[in-house]
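Read the structure below first, then the notes.
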Amino acid sequence: MGKGDKKTKRGKIVRGTFGVRRRSKKNKETLRDVKAKRMKTEAEEVVKEEASSSVKAREERKAEEKAEIKAEAMVKEKAEAKTKAKEKVEEKAKKEEAKKPVAKKPTTKAKKPAAKTTAKSKEDKEEKAK
């Protein structure tokens, strides 16, 4: 009875099998079992993180949307305030213009003052007139 015998303990050890003559220990975990448990726990953690991250992402999106809405409202309020201020300034300008007297523009060109005439120029003019 040697290494090649299926029924002996030595044969079972060589083949790596278990049976009536060689019982396997139930409380020992194999490497495969340990890896499987790790994979399960990691997968569960990933699922939890994704779920929590999706919840967080939703909350962040909602917060961003609220912030955008607030910003838009602020912009609208500022725009309205600016238009109101412009209207007030325009009204004041119109009132001031109404109070000021309007200067009339001369219809004809202003005449230049007459040049001083000398005695010789008067005589010349008189001769031309005759």
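Coordinate-derived values only; no laboratory data. Remember, predicted model here, so these are calculated numbers, not experimental data. Note that each Cβ is placed from the backbone with ideal geometry, even for glycine, and that neighbours are counted across all protein chains shown.
Observations
- Checklist (1) of a type in the set (Ser, Thr, Tyr); (2) part of a helix (DSSP H, G or I); (3) within 30 Å of Gly2 (Cα to Cα) applied to Ser24, failing item: (2)
- Within the set Thr30, Thr8, the sole residue that is polar (S, T, N, Q) and surrounded by 11 or more Cβ atoms within 10 Å (Cβ to Cβ) turns out to be Thr8.
- Of the candidates Lys62, Lys35, the single residue that is without any contact (Cβ under 8 Å) to a residue 12 or more places away in the chain, surrounded by 10 or more Cβ atoms within 10 Å (Cβ to Cβ) and either under 24 Å from the mean Cα position of the chain (by Cα) or over 30 Å from Lys9 (Cβ atoms) (or both) is Lys62.
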